[in-house]
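The values are calculated or read from the model by the stated rules, or taken from the named source; none is laboratory data. The structure presented is a predicted model; accordingly, all values stated were derived computationally and were not measured. Please note: Cβ atoms are built from the backbone with ideal geometry, for glycine as well, and neighbour counts cover all protein chains shown.
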């Protein structure tokens with residue numbers, strides 16, 4: 001399994017299709033999320049990290065543009081829900097948004113990017129129309145995102161038509177922790193179709209061993225900044241230690257430390273999970 005922190009290099013062809021060779025492929029863990037120390041982290045680990053970034057944020061941070069091809073791997077999220085939240089009480093033109101998103105992808109030659117999986121807002125038919133516009137604008141296939149509402153037959157169709165797909169609804173608990181075994185038949189269908197699967201926001205530590213995603217992404221390392229949690233990689237998995245009551249953590253140092261430990265875990269996952 002791969003935890004996505006960065007782009008996947010040349011595994012995609014000119015139309016966004018991944019190499020179909022599954023031999024010796026383990027999990028990629030992509031690190032996602034923003035804090036005030038991103039430049040420091042990237043300088044330390046530039047060529048050793050998989051990064052997932054949101055279009056909503058990266059478009060305002062031009063300093064990141066040259067780094068996209070330098071990361072070990074890079075995934076771009078559409079940022080649609082973040083955009084929706086930031087545009088309260090305003091009319092949303094999703095077609096304009098997706099054209100701008102596609103032009104950005106084309107301009108920076110980004111290989112791996114997700115569709116606007118906004119099914120609950122506009123409906124699946126409109127999502128498919130926006131997907132068509134996105135792929136036409138970008139000149140590449142996107143990574144479509146499956147939700148439970150799309151049905152098992154739709155998953156089968158996605159795996160037949162794409163070489164790289166994603167499962168959504170994990171962070172929002174559309175798929176609850178008690179339902180994670182649904183991943184097993186979905187992953188089996190994908191493998192039979194030579195299709196790679198990304199688990200959006202999935203870094204359940206026990207689950208990473210059980211469910212063999214091609215890639216996943218996580219913001220868990222940010223918990224140190226948010227809640228004072230400190231992570232340690234023990235050689236096989238991550239251990240988390242909460243701050244002592246009445247104590248404070250040094251935000252910058254904890255941010256760098258936690259990111260470093262998750263990079264270690266990502267390297268381990270790529271070779272062992």
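Side notes on the structure shown:
- Members of segment 215-259 found to be under 20 Å from the mean Cα position of the chain (by Cα) and in a strand (DSSP E or B), listed by number: 215, 216, 217, 218, 238
- Residues of segment 101-121 that are part of a helix (DSSP H, G or I) and either surrounded by 14 or more Cβ atoms within 10 Å (Cβ to Cβ) or at pLDDT below 95 (or both): 101, 102, 104, 105, 108, 119, 120, 121.
- Matching helices (runs of 4 or more DSSP H) fully within segment 14-95 where at least 2 residues are over 19 Å from the mean Cα position of the chain (by Cα), modelled with pLDDT under 75 and crowded, with 18+ Cβ neighbours inside 10 Å: none
- For segment 154-173, the set of residues classified as loosely packed, with under 14 Cβ neighbours inside 10 Å and either in contact with a strand residue (DSSP E or B) (Cβ under 9 Å, 6 or more places away or on another chain) or under 18 Å from residue 113 (Cα atoms) (or both) consists of 161 only.
- Candidates in segment 194-211 are the residues that are part of a helix (DSSP H, G or I) and touching a residue at least 40 places away in the same chain (Cβ under 8 Å); of these, the one that is surrounded by the most Cβ atoms within 10 Å (Cβ to Cβ) is 208.
- Residues within segment 212-265 that are touching a strand residue (DSSP E or B) at 6+ places or on another chain (Cβ under 9 Å), without any contact (Cβ under 8 Å) to a residue 40 or more places away in the chain and within 30 Å of residue 143 (Cα to Cα), tallied: 4
- Number of residues in segment 122-143 that are part of a helix (DSSP H, G or I), touching a helix residue (DSSP H, G or I) at 6+ places or on another chain (Cβ under 7 Å) and under 19 Å from residue 84 (Cβ atoms): the value is 6.
- Evaluated against (1) surrounded by fewer than 22 Cβ atoms within 10 Å (Cβ to Cβ); (2) farther than 16 Å from residue 27 by Cβ; (3) in contact (Cβ under 8 Å) with a residue 24 or more places away in the chain, residue 176 falls short on exactly one condition, (3).
- Looking at 265, 233, just one residue is modelled with pLDDT of 95 or more, buried (at least 17 other Cβ atoms within 10 Å of the Cβ) and out of contact with any helix residue (DSSP H, G or I) (no Cβ under 7 Å at 6 or more places or on another chain), and that residue is 265.
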